[in-house]
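**Q** Handing you this structure, nothing more for now.
The values are calculated or read from the model by the stated rules, or taken from the named source; none is laboratory data. Model, not experiment: these values are computed from the prediction. Counting neighbours? That spans all protein chains shown, and the Cβs are built from the backbone with ideal geometry, glycine included. The accessibility values were calculated without ligands, DNA or RNA, using every heavy atom of the protein model including side chains. Shrake-Rupley method; radii C 1.70, N 1.55, O 1.52, S 1.80 Å.
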Amino acid sequence: AVYLLESGGEMVQPGGSLRLSCVASESTFSPYCMGWFRQAPGKEREGVARIWFEDGRTREIGSVAGRFTISRDNAKNTLYLQMNRLKPGDTGTYYCAAVLRGGGFCDWVNFKNWGQGTQVTVSS
């Protein structure tokens, strides 16, 4: 199995920035798409951003558009989430995941490979 490991989460003040990383355990890992999810306390997990590996196309949910950027460094086998102008509402555990080739469209429900998450806390 391919393992995903998130890192980079910490406590940051509102308006600050963080860059989360997600490293795949196998350099040959080439999914259809990958994405970032988050789960705030007492809330369901929600998708945040996606990137299609074939052409690099990305999509972000409206609440983070213009502030968060998802990207991929193929040479380092790493997925990133650059988060700027963070708000308290961004607080939560952030996970990366993937839709494998043949696993369907890059929709939130089709993500099957999950990391363990990294905690992001936005607070004064």
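**Q** For the range 43-124, which fully contained strands (runs of 3 or more DSSP E) count at least 2 residues that are of a type outside the set (D, E, K, R), out of contact with any helix residue (DSSP H, G or I) (no Cβ under 7 Å at 6 or more places or on another chain) and surrounded by fewer than 21 Cβ atoms within 10 Å (Cβ to Cβ)? Steps first, answer last, please.
**A** On the way: elements: 46-52, 58-60, 68-73, 78-83, 92-99, 118-122.
Because the criterion is at least 2 residues that are of a type outside the set (D, E, K, R), out of contact with any helix residue (DSSP H, G or I) (no Cβ under 7 Å at 6 or more places or on another chain) and surrounded by fewer than 21 Cβ atoms within 10 Å (Cβ to Cβ), the strands (runs of 3 or more DSSP E) in the range 43-124 that meet it are 68-73, 78-83, 118-122.
**Q** Give the residues of the range 89-124 that are in contact (Cβ under 8 Å) with a residue 40 or more places away in the chain, of a type in the set (Phe, Trp, Tyr) and within 15 Å of ILE51 (Cα to Cα), sorted by residue number.
**A** TYR95, TRP108, PHE111
**Q** Any residue in the range 32-48 that is without any contact (Cβ under 8 Å) to a residue 60 or more places away in the chain sitting within a Cβ distance under 8 Å of a residue that is part of a loop (DSSP other than H, G, I, E, B) and open to solvent by less than 20 Å² (accessible area, probe 1.4 Å)? List the pairs, counting only those 6 or more apart or interchain.
**A** Once the first residue is without any contact (Cβ under 8 Å) to a residue 60 or more places away in the chain and sits in the range 32-48, its partners that are part of a loop (DSSP other than H, G, I, E, B) and open to solvent by less than 20 Å² (accessible area, probe 1.4 Å) give VAL48/VAL64.
**Q** Taking the range 7-42 as the search range and keeping residues that are of a type in the set (Ser, Thr, Tyr), modelled with pLDDT of 95 or more and part of a loop (DSSP other than H, G, I, E, B), which one is surrounded by the most Cβ atoms within 10 Å (Cβ to Cβ)?
**A** It comes out as TYR32.
**Q** Now a separate question. Please list, ordered by first then second residue, the pairs with beta carbon atoms under 9 Å, 6 or more apart or interchain, first in the range 2-24 and over 17 Å from GLN116 (Cβ atoms), second at pLDDT 95 or above and of a type in the set (Phe, Trp, Tyr).
**A** Cβ pairs passing all conditions: ARG19/TYR80.
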